[in-house]
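Below you'll find the structure, written out as structure tokens, and then a few comments.
Every read-out reported here was derived from the displayed coordinates using simple, explicitly stated rules and does not represent laboratory data. Not measured: the values here are computed from a predicted model. Backbone-built Cβ (ideal geometry, glycine too); neighbour counts: all protein chains shown.
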Amino acid sequence: MHTPCLIAPHFSGLIHFGATDSDTNPGTLESSSGQRVNFAGGHVEVSTPESFLIDSDLIIVADTRLHNEREVQTLLALDRRVSPAELLAHAYRQWGEGLSKYLSGEFVYVIWDRKADQLVVSRDRFGFKTLYYDYQPDSHFAFANRISYLPTFKASSDSIDHVKVKNFLLPETSYRSFEDRTFYRNVKAALPAHNLTIQAGEKAQHCYWKVDPARYRSISREEEYIELFRDYFTDSVRKSTAGFDSVGAHLSGGIDSSSVACVAHQLAGPIATFYINPELPSTDESQFVRVVREKIQSRHFEGHPASDVYGSVALLSRLFDRPEHFPLPSGFHFAAADQIQLAGCDVVLTGHDGDSVVGHGSELIQAYRDAENWPALKQTINQYAEQRDLSHLDPGWLQMPASEKQKRYAQHYLNGELWSLLKKKDLGKFLKTARALSFEYGYSYQNFLNSGFEKMTSRLKFPTPGNILTPEFAATFEHGEACMNADSLFDELSADYTDQFREITNKSYVDATEQLRHIGLHYGHHYAHPFFDEKLVELSLAIPERIKFGDGKGRDTIRRALKDILPQEILNRGNKTSFSEYGLLSFQILHLQTKSIFNNGHLLWDFVDKKKFDKVVEIVFNTAIPLRQKSRYYSLASKALFLGVWLEEMKSHEKN
């Protein structure tokens, strides 16, 4: 088992409003875990002195890893290198609360301007760094990089935010923006890409990141987009590895992790790579992992997810101060972290969110459909069907001849389009579209009726699970405490870019970034995510869908940009491995491990309807039901078990 980092980087503080003494000589206490500084009106505890500054006007706590530190120093006309907190002090005096738009990289900070009686809190654009706070007007502002480090925090069942639990248990049907609500009442999370200001008891949030893909409109050549993407991506990997001694990279065999590993090798020399193998035929990526590690000659480490699923989920609940939230539980990440510790890496790069940032070009199909460009739509659908892995439509998809794939996918897509028009009760457009499809595809009303019958039969056989909340819990806690979200990111963004940008910045990706952050703090290494780079994101939004779509495989931007770096086997991949089987197996193990713990009187059943839950479990364990029909069920039921494990951990904490 792993050895946790002895002194995990941390900070926390408490500011009491209304203190009048402007003591500039605070008392400092050294301890084995860092430094505690007491000042008039509060205290701060930091693991590194460079993270803290106090003078006659300002109190600053910062956790930063800036990618443009030198540029900021130049803008501020500083002729020497200063500590992170001192740099922010200069920046604040120069730019005020607008300073974050000049910063690039990873950062959170708290600035208490005692002269202006103003508190400013800010977090980087992607949520790399974490900051939680408890603000009570006219009383105090407590903050920390972990919820459990908050000076005012005490975990108990009474402190649970029921609205957050309710949202957690409900199925997600669309991308949702990150919000400041946490699983605890009175505890908020700082929003990525936002400033929080508190002055004279008034609290306000302001988004400082304004994305402007239109700046690339002057580009006329496809190759210019590709060259810029290569330059930006390479620069992002360079910034992610700068200043570290031993570089590692997750390597799953997919195009994202392979791209990161190959570029990191090109820039940093020999690196270590890490592959977690569940040893299931459906998840085996070893052939793709092998060609990458052989090409870059990495020090390669392979691990396996721990069989104790409960232990992994419980540990994550303690580190993250919230329930696990992904159907693929954290045993995967802990297994990788064990290998990372063995390799001695201080930074590990991931391919996190490469899919969303690069883009698949799939919107091209809908663009042709909306324009009623039927010949182009037909060609694009055929390319898509031939190149993509659509095994969710048929388990034998990869063995089908190209003509059969094209026919099957065209019917699937066109059926969906016509049913959508019918639901909207747009009969005129329905008839017009059906006539066009009949002419272009030979599509008939019989195809449509057959699809309706199949859809009805499937829904009767495998009804879509609604929710598993108890009726009492579902009927209450509609609103709870007011919360703020990050929707202001999209206020001035053209609708042409909104969907992709919502996907890139959605709460699940921020949650995953935060989760890895806490795991890294526990183990003593740093995670970096090169696809999360503001210049790369802005460019990717601007790249036309036809370039992303390519010959139908999608993600053609990165394939073309790295064609001289990636192995041919990776460049040719049009499919992506599904971890549904491992997710199902993990749920089944966790259910068996918790069956005796979550008895009839357990707090979990105040939130989750046990009868509904048991029906879902019955489907999940039914071997006669195909795996592809089970994923939505075990995803729903997994969250219930994750919630139960978190509640169990909270109960243990209360006893102590």
**Under the Karplus curve 6.51 cos²θ - 1.76 cosθ + 1.60, θ = phi - 60°, whole-Hz ³J(HN,Hα) for region 36-50, x wherever Gly or Pro sits** = 10, 10, 9, 9, 4, x, x, 7, 9, 10, 9, 7, 10, x, 5
**Message:** Placing +1 on the Cβ of each Lys and Arg and -1 on the Cβ of each Asp and Glu in the chain, which of PRO270, GLN73, VAL110 has its Cα farthest towards the positive end of the resulting dipole?
**Reply:** PRO270
**Request:** Name the residues whose placed amide hydrogens come within less than 5 Å of the amide hydrogen of LEU469, ignoring near sequence neighbours (fewer than 5 apart) on the same chain.
**Result:** ASP609
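Restricting to DSSP loop positions (anything but H, G, I, E, B) with no more than 15 other Cβ atoms inside 10 Å of their own Cβ, which GluC sites (Glu not before Pro) remain in region 139-220?
Counting only loop positions with at most 15 other Cβ atoms within 10 Å, the GluC sites (Glu not before Pro) in region 139-220 are GLU172.
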**Prompt:** Pairing the Cα long axis of helix 309-320 with the longest principal axis of the chain, what angle in degrees results, from 0 to 90 and rounded to the nearest 10?
**Reply:** 50 degrees
**Prompt:** Once amide H atoms are built 1.01 Å from N in the peptide plane, which residues 5 or more positions from GLY303, or in another chain, come under 5 Å H to H?
**Reply:** TYR275, ILE276, ASN277
**Fill in**
Toy charge model, Lys and Arg Cβ at +1, Asp and Glu Cβ at -1: the chain dipole around Cα centroid in debye, rounded to 20, equals 1980 debye
**Message:** Quick check: the angle from helix 507-523's long axis to the longest principal axis of the chain, C-alpha only, nearest 10 degrees?
**Reply:** 50 degrees
**Fill in**
Among LYS166/LYS507; LYS405/LYS576; LYS612/LYS651; LYS188/LYS239; LYS101/LYS129, the pairs whose Cα-Cα distance exceeds 19 Å are LYS612/LYS651; LYS188/LYS239
**Prompt:** For region 52-131, what's the relative contact order in percent, using C-alpha pairs closer than 8 Å and at least 6 residues apart?
**Reply:** 35 percent
**Contact order normalised by residue count of region 90-230, Cα under 8 Å, 6+ apart, percent** = 24 percent
**Asked** In whole Å and largest first, what semi-axes does the C-alpha gyration tensor of the chain yield when each eigenvalue is scaled by 5 and square-rooted?
**Response** 42, 31, 26
**Request:** Could you give the C-alpha radius of gyration of region 243-330 expressed as a fraction of 2.2 N^0.38 Å, taking N as the number of residues it contains?
**Result:** 1.25
**Item:** Degrees separating the helix 255-268 axis from the principal Cα axis of the chain, which is the longest one
**Value:** 50 degrees
**Message:** Tell me the relative contact order for region 129-209 as a rounded percent, counting alpha carbon contacts under 8 Å between residues six or more apart.
**Reply:** 26 percent
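Considering only the chain, what is the antiparallel percent among its DSSP beta bridges, to the nearest 5? Show your work: numbers first, answer last.
Numbers: 61 of 75 bridges.
That works out to approximately 80 percent antiparallel.
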**Request:** Using R₀ = 30 Å, calculate the FRET efficiency as 1/(1 + (r/R₀)^6) where r is the Cβ-Cβ separation of TRP374 and GLN287; round to 0.05.
**Result:** 0.15
**Request:** Would you give the gap between the C-alpha center of region 555-625 and the C-alpha center of region 279-303, rounded to a whole Å?
**Result:** 21 Å
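By average Cβ neighbour count within 10 Å, what is the ranking of 183-194, 602-613, 400-411, 68-79 from highest down?
Descending mean neighbour count gives 183-194, 602-613, 400-411, 68-79.
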**Asked** Once amide H atoms are built 1.01 Å from N in the peptide plane, which residues 5 or more positions from ILE160, or in another chain, come under 5 Å H to H?
**Response** ARG185
**Prompt:** Leaving out same-chain residues fewer than 8 places away, which lysines sit with a Cα under 27 Å from that of LYS429?
**Reply:** LYS378, LYS407, LYS455
**Prompt:** For the charge dipole of the chain, defined by +1 on Lys and Arg C-beta atoms and -1 on Asp and Glu C-beta atoms about the Cα centroid, which residue among GLY583, ILE296, VAL61 has the Cα displaced farthest towards the positive pole?
**Reply:** GLY583
**Asked** What is the log10 of I(q)/I(0) for region 71-174, computed with the Debye formula using one identical point scatterer on each Cα and no solvent, at q = 0.20 Å⁻¹?
**Response** -1.15
